[in-house]
Amino acid sequence: MKQKLAKLTACLMMMTLLAGTLWGSAPPQAAASGTEFPIGIFYPPSPAETTLAKYQQIKDMNANLIVGAAVINTPEANDTALALADSLGLKMLVDDYRFHWRTEMVEQPAYDTGYYVSNTNRLGQTFRTPAGSGWYLSYAQLKIDPVFWGSGTTLTMRIYDSPARATLLGSASVGGPQTVYDHGFGFGIPIAANTTYYMELTSNSASPVGWVTANSGNPYGNGMFYDNGTAVSGTDLLFYISFSQQAYNDRNSPNNADVDLVANYYKTKSGLLGYHLYDEPGATLFNRVAAVRERIRAIDPGRMAFVNLFPNQATDALLKVNAISGEFSRPTSVLGQSFTTSAGQTAIDTIQLWVDRLQWGSGEALTLRIWNSPSKTSLVAQSTLTGATNNWPVFTLNATVSPNASYYWELTHNGGGDGSIGWVIRTEDGLKLVKDGTGTGYVNGTPIGSDFWFVVNQNIQGGTYEDYVYRWTLQQPDVMAFDHYPFKADGTLTANYYDNLETIRRQSLLANIDFWSYIQSVGITGHLRKPSQNDMRYQIYTNLAYGAKGYIYFTYRTPGIESSGEPFHNGLILPDGTTNDTYGYATTLNAEVLKLGPTLLGLQSQAVYHSGALPATTSAVPSGFFWQPSTALPSVIGSFTNGSGRKYVMVVNRDEANSRTLSFTLPGKPASVTEVSKSTGLEIGTSYNAATGVISASFAPGEGKLYALPAGF
C-alpha cells in the first residue's frame, strides 16, 4: 500500500513539474540527531503546507525525522522543508523525483511554415510512443505566435487514440493573452508503448491564433499533420512530447547524471540525514537500487541512503528473484561464481546452491571447490555431494577466509549417471544478484554477466521471505527497514507479525546491520483499522524488544484517495488538518522512547523469547535462561548487552487488551535489577528482591520496560 501511495503521488507531482520548467536543465549517521533515537514520519505536510507551524507540530510530537517520500520530491520543495527542519533540529530523508522517474522526448523541432487555429479550424498531429513499458505522456509543447492570442481565447489540446477521435485520453488548456512562443500542455496520462496516437489543438474563439508552426519537409517519420481533420502529406507540426516511466522499468536504473545532480545539490544542505531511494523493491531490483546508493555514497559518503523492504505479507511474485534462468552441470560444463567476503568475515562454513534435485540421478556427484580467484591458483576448500533431498543442497566447507577479499567457487560434475544435473539456478542474462563489482557468474571459465543463486553460511529456501531479506543484506545497506502493518480491520493481529520480526532481526544481526520499522498509524477501510493507543504501544515496544534502532509512522497526514488510490482514514493528522487522538498517543510514546534511546542505541540484541502461547516461529524461554517467567502470561523478553557486556532485558506485555502484572525469577540472584526510566532515562529502583531473585511489575497493554542488571552478572 505504501509503495502504491508513493508512486501515485510522486507521479502526479512529477507530471505537474514536467508540464512547466524542469529544475537543473565516514559512515552513515546512526540516529537522526546526535544520540537521539530516530523517530520519523512518512507522508508529511504538502509543499503548500510546508510552514514553520506545521513543522513545529511534527517536533511537538517528539519526532525528529521527516521522510519526504510521496509528497516532497522536488528541489524547490525540499529546500523549503530542509530549512524549516533544520531550524527546529529535525532531520530529513529527502526524496527526489529523479530517483523514481526517467523521461524520453519525441520531437519534431524544425519549422518553415505555419497554420492558424480557430473554433472552425482544428490542427492535429499523429505521433508514435517509445518502446518499453509503463509510459505516461507528461506534456506536449508547441510553438505558437502569441500576437493574435488575446484575452478570453483558450487553446485546448486533446489526446486521442487516433485521428478518428473515437477515444479521448486527456485534455489540457492554456488561456490568453500570451507573450511567449513556447506553450506546454500538461497531461500525465498512461499510454501504450510503440503505439500511434493523435493530438489535436482547438480554440474557443473565431479569431485565428497563430502561426502554429510546422514544417513542410516532413522530418518526422512516425506521424502526419492534419488540417481540420484532413491529412496533409509531407507536413508535420513542430512539437515536443515528453514521456515518463518509472526509472527501474525495462531493466533500467535512474540516469547516472541525474543521480549525480541530486547528490551534489543536496549534500551541503543543513537538516539532511540522507536520501530516500526506493520503497519496497523486489529482489530483482536490489542490485540496481544498490548501485544508485553506491553512486550517492561516492559523492556524499556521510549520508544515509534509505530503502524500505516489503513485509512478509507480500506476494511471492514481489519477493522472488522472478527473472531466473539456469545452467546444466555436466562434465563438459563447469559452473562458477566469483564473490567477495563481507567486512569481518573470516570463515565460509557452507555454500548453498539452488539445483533441481529431480535431475540428480544415481551415481552422479557434484563437487564445489573454493578457489582464490577464477584463475584457480590456490584451492581453499572443497565439498562433494552425491544427492539432495531438496532443491537447495548445502556444501559443507569449513574454510578460513579473509574479510573483504575476492574468491571463486566452482561446481563440477563427476560424469556418473546421465552426466547432467540442472538446472543450477542463475539470473537471466544481464541481471545481477551480487553487488556491482564484487563478482559474477561463469560457465567454463567465461563470465556470463549474471549471477548464480547461492547462500553463504546459512540454509535458506530460495524464493522465500528469508531469501528476500538475505539478498538485500548482501548489498550492505546503511540500515535495514521494513513495514508490517499488523492491526487488521476485523480487530485481529496479523498471524505472521512475529515471523516478520524474527526474520528481520535474524538477518540484520547476521549482517551486522541495524534495522528500523514502520509503525501503523493509519487505517484503510476494509483492510486496516485505526490503531488504538494500546495497538501503537504494542507495536513500538515489541519492535524495540526485537532490537529495532529506529521507527517511522505510516502515515502522518491522512492521504486522500485521489493521491493514494486507497481509502485511508485516521492518520495522525486528519484530512482537515486537525490532530487525531493518535497524535497524542504517538507524542507520549515517542517521549518515552527518546528517554530510553541513549541506552537502546548502545545495545546489541542477544535473544528474544516469548512466554505464554507461542506465536508462530518464536521461541519459548529456555530453562537455563537467566530471566525466567513466573507464570504463563503472554510476554516478550528481549535480551541485550551493551558495549561492555552488561546485560539488559526488555519485557513487553504481549496482551493488547489488558493490563498485566508480570513476575519473573532470576535464578542467579544478582545483587540488583534497575529499570531505565521512561521519564528521565536514568536507572531507577524496582521491586526486585535479591534474596528471592523475584521481580514483578504492572504493565499497561503492550507496554515495555527496559531493565538493567549489574555489571559482571
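The values are calculated or read from the model by the stated rules, or taken from the named source; none is laboratory data. Since this is a predicted model, take the numbers as computed values, not measurements. A quick note on method: Cβ atoms are made from the backbone with ideal geometry, for glycine too, and the neighbour counts reach across all protein chains shown. What goes into the accessible areas is simple: the full protein's heavy atoms, side chains included, and nothing from ligands, DNA or RNA. Shrake-Rupley method; radii C 1.70, N 1.55, O 1.52, S 1.80 Å.
So that you can scan it fast, the table gives a plain yes or no per residue for (1) part of a helix (DSSP H, G or I); (2) at pLDDT 95 or above; (3) more than 19 Å from Val67 (Cβ to Cβ):
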| site | (1), (2), (3) |
| --- | --- |
| Tyr468 | yes, yes, yes |
| Gln476 | no, no, yes |
| Ile519 | no, yes, no |
| Arg537 | yes, yes, yes |
| Lys549 | no, yes, no |
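Counting only residues that are of a type in the set (A, V, I, L, M, F, W, C) and over 16 Å from Glu410 (Cβ atoms), which one in the range 422-437 is surrounded by the fewest Cβ atoms within 10 Å (Cβ to Cβ)? Give the derivation first.
Step one: filter the range 422-437 for residues of a type in the set (A, V, I, L, M, F, W, C), giving 423-425, 431, 433-434.
Narrowing further to those that are over 16 Å from Glu410 (Cβ atoms): 423, 425, 431, 433.
Values: Trp423: 16, Ile425: 21, Leu431: 19, Leu433: 25.
Only one residue fits best here, namely Trp423.
Which of the residues belonging to the range 131-180 are surrounded by 15 or more Cβ atoms within 10 Å (Cβ to Cβ) and either in contact with a Lys or Arg (Cβ under 6 Å, 6 or more places away or on another chain) or assigned to a loop (DSSP other than H, G, I, E, B) (or both)? Walk me through it before giving the result.
The initial filter retains those residues of the range 131-180 that are surrounded by 15 or more Cβ atoms within 10 Å (Cβ to Cβ), namely 132, 135-146, 148-149, 153, 155-161, 163, 169-172, 174, 176, 178.
Within the range 131-180, Gly132, Trp135, Asp145, Pro146, Phe148, Trp149, Thr153, Asp161, Pro163, Ser171, Gly176, Gln178 meet the criteria.
What are the residues in the range 655-676 that are under 34 Å from the mean Cα position of the chain (by Cα) and within 25 Å of Asn62 (Cα to Cα), if any? Working first, answer last.
Quick first cut of the range 655-676, residues under 34 Å from the mean Cα position of the chain (by Cα) only: 655-657, 676.
Answer for the range 655-676, where residues must be under 34 Å from the mean Cα position of the chain (by Cα) and within 25 Å of Asn62 (Cα to Cα): Glu656, Val676.
Looking at (1) open to solvent by 70 Å² or more (accessible area, probe 1.4 Å); (2) assigned to a loop (DSSP other than H, G, I, E, B), which one does Phe713 not meet, given that it meets all the others?
Checking Phe713 against (1) open to solvent by 70 Å² or more (accessible area, probe 1.4 Å); (2) assigned to a loop (DSSP other than H, G, I, E, B), the one that fails is (1).
Looking at Val71, Val94, can you tell me which residue is open to solvent by less than 10 Å² (accessible area, probe 1.4 Å), at pLDDT below 95 and of a type outside the set (Asp, Glu)? Lay out the reasoning, then the answer.
On the way: Val94 fails: at pLDDT below 95.
Only one candidate qualifies: Val71.
Quick one: in the range 438-461, which of the residues that are among the polar types (S, T, N, Q) and on the phi > 0 side of the Ramachandran plot is surrounded by the fewest Cβ atoms within 10 Å (Cβ to Cβ)? Walk me through it before giving the result.
So in the range 438-461, the residues among the polar types (S, T, N, Q) come out as 438, 440, 444, 446, 450, 457-459, 461.
Restricting the remaining residues to those that are on the phi > 0 side of the Ramachandran plot gives 444, 457.
On the way: Asn444: 11, Asn457: 14.
Per the criteria, the residue is Asn444.
Examine the range 468-478 for a residue that is aliphatic (A, V, I, L, M), more than 21 Å from Ile370 (Cα to Cα) and either surrounded by fewer than 16 Cβ atoms within 10 Å (Cβ to Cβ) or under 24 Å from the mean Cα position of the chain (by Cα) (or both), and state whether such a residue exists.
Checked the range 468-478: at least one residue is aliphatic (A, V, I, L, M), more than 21 Å from Ile370 (Cα to Cα) and either surrounded by fewer than 16 Cβ atoms within 10 Å (Cβ to Cβ) or under 24 Å from the mean Cα position of the chain (by Cα) (or both).
Can you say whether Tyr470 is over 25 Å from Asp349 (Cβ atoms) and aromatic (Phe, Trp, Tyr), as far as the supplied structure shows? I'd like the intermediate steps shown before the answer.
Details: over 25 Å from Asp349 (Cβ atoms): no; aromatic (Phe, Trp, Tyr): yes.
When the stated conditions are applied, Tyr470 does not pass them.
Could you list, ordered by first residue, the pairs with Cβ atoms under 8 Å in which the first is in the range 340-359 and closer than 14 Å to Leu510 by Cβ and the second is part of a helix (DSSP H, G or I), at least 6 apart or interchain?
These pairs meet every condition: Ser342/Ala511.
For a quick check of your reading: which strands (runs of 3 or more DSSP E) sit entirely within the range 225-305 and have at least 1 residues that are open to solvent by less than 10 Å² (accessible area, probe 1.4 Å) and in contact with a strand residue (DSSP E or B) (Cβ under 7 Å, 6 or more places away or on another chain)?
Numbers: elements: 225-227, 230-232, 239-246, 272-279.
Here the list reads 225-227, 239-246, 272-279.
Could you check how many residues of the range 75-132 are of a type in the set (S, T, N, Q), in contact with a strand residue (DSSP E or B) (Cβ under 6 Å, 6 or more places away or on another chain) and under 23 Å from Gly184 (Cα atoms)? Give the steps one after another, and end with the answer.
Step one: list which residues in the range 75-132 are of a type in the set (S, T, N, Q), which gives 78, 80, 87, 103, 108, 113, 118-121, 125-126, 129.
Right, trim to in contact with a strand residue (DSSP E or B) (Cβ under 6 Å, 6 or more places away or on another chain) and you get 78, 103, 108, 113, 118-119, 125-126.
In the following step, the residues that additionally are under 23 Å from Gly184 (Cα atoms) were identified as 103, 108, 113, 118-119, 125-126.
The number of residues fulfilling the criteria is 7.
If you go through the range 327-352, how many residues are surrounded by fewer than 23 Cβ atoms within 10 Å (Cβ to Cβ), over 28 Å from the mean Cα position of the chain (by Cα) and assigned to a strand (DSSP E or B)?
8
Just give me the residues in the range 506-530 being within 18 Å of Phe37 (Cα to Cα) and open to solvent by 10 Å² or more (accessible area, probe 1.4 Å), in sequence order.
The answer is Ile513, Asp514.
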